[in-house]
Amino acid sequence: NLATDLRLALCEKMGMLADHGWPIIEHLLQRYGDMPDLVIAAGLCHQNEAREWLLELLKRSNDNEKLQLITLQSLGCWGAEVPIEILTECIHHPGQEYRLAGLQLLQFRSHRLTDEELLGYCNEALEDFRDSVVIAAIRIIQRRDGKAISERLSSLCQKGSDTVADTAIRALSCIETKDSQKYLSELSKTLTNESRRALAQRKLDEQFRS
């Protein structure tokens, strides 16, 4: 729908105006109500006032699941400031989009967490039956280089789907610590899936060639 696409594009442009865009967005919200495109624009402008408005919208939109999800997604960049209860509820929600929104919030909070705390928040997502959720969680934990992170990635290489295992092996190879190399070496010898075992060996060889 051209009109819908044009409206969304205009709202995105307003969001990109940052502190100059928020007063315009706020005025339009007051005039037209909580339109999804304007909610997205509020998130894009990255203003504290917009964040507080989004948090308030989250409280008063309990009966509108679609609006709740859009609001959570729009709060993504404020993961460090959003109450931890909201993040936790998203991560434990059975819906795929809710979990992905929760992981987006976690991504911006992860610098405040220890490896163990981060793995605790990601555990349910790492056990999810949907590859997209598991991979999103892998993207978050692979930024750490602790032994517990390497161990968790190694376990995903063994029991996850082929797509998850491929992502986990590549994530493990990016860490480049003695622990990650040890787990790659073990995987290159013990994985029963031939293609996974070959990938682990190739990624291990690449580290020693560089």
Self-check item: For the range 118-210: rounded, prolate or oblate by the Cα gyration tensor [a/c cutoff 1.5]
Solution: oblate
Practice problem: Could you go through the range 154-170 in sequence order and give the Karplus-derived ³J(HN,Hα) for each residue, using 6.51 cos²θ - 1.76 cosθ + 1.60 with θ = phi - 60°, rounded to whole Hz, and x for Gly and Pro? | Solution: 4, 5, 5, 5, 8, 10, x, 5, 4, 5, 5, 4, 4, 5, 5, 5, 5
Self-check item: Kirkwood hydrodynamic radius of the range 7-137, from inverse mean 1/r over distinct Cα pairs, in Å
Solution: 15.1
Quiz prompt | Heavy atoms of residue 92: accessible area, 1.4 Å probe, square angstrom to 10 | solution = 100
Practice problem: Please sort by residue number the trypsin sites (Lys or Arg not before Pro) in the range 82-157 whose DSSP state is loop and whose Cβ has at most 14 other Cβ atoms within 10 Å. | Solution: 130, 143
Quiz item: Using alpha-carbon pairs under 8 Å, 6+ residues apart, how would you state the relative contact order of the range 79-205 in percent?
Solution: 17
Quiz item: Roughly how many percent of the accessible protein surface of the chain is carbon and sulfur, given a 1.4 Å probe and a whole-percent answer?
Solution: 51
Quiz item: Each residue of the range 132-143 in turn: what ³J(HN,Hα) in whole Hz from Karplus with 6.51, -1.76, 1.60 and θ = phi - 60°, glycine and Pro shown as x?
Solution: 4, 6, 4, 5, 4, 5, 4, 4, 7, 6, 5, 6
Quiz item: What FRET efficiency, computed as 1/(1 + (r/R0)^6) with R0 = 35 Å and r the Cβ-Cβ distance, is obtained for residue 116 and residue 31, rounded to the nearest 0.05?
Solution: 0.15
Exercise. Report, to the nearest 10°, how far helix 194-209 tilts away from the longest principal axis of the Cα atoms in the chain, using its own Cα long axis and a range of 0 to 90°.
Key: 90
Practice problem: List, in the order given, every pair from 59/159; 66/159; 147/203 whose Cα-Cα distance in the structure shown is over 30 Å. | Solution: 59/159; 66/159
Quiz item: Taking a ≥ b ≥ c as the square roots of the eigenvalues of the Cα gyration tensor of the range 22-94, is the shape rounded (a/c under 1.5), prolate (a/b larger than b/c) or oblate?
Solution: oblate
Exercise. Specify the residue with the greatest mean-square fluctuation among 24, 91, 135, computed from a Gaussian network of the chain linking alpha-carbon atoms under 10 Å apart.
Key: 24
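The values are calculated or read from the model by the stated rules, or taken from the named source; none is laboratory data. Model, not experiment: these values are computed from the prediction. Heads up, the Cβs are rebuilt from the backbone with ideal geometry, glycines too, and the neighbour counts pull from every protein chain shown. Just the protein is used for accessible areas: all its heavy atoms, side chains included, with ligands, DNA and RNA removed. Shrake-Rupley method; radii C 1.70, N 1.55, O 1.52, S 1.80 Å.
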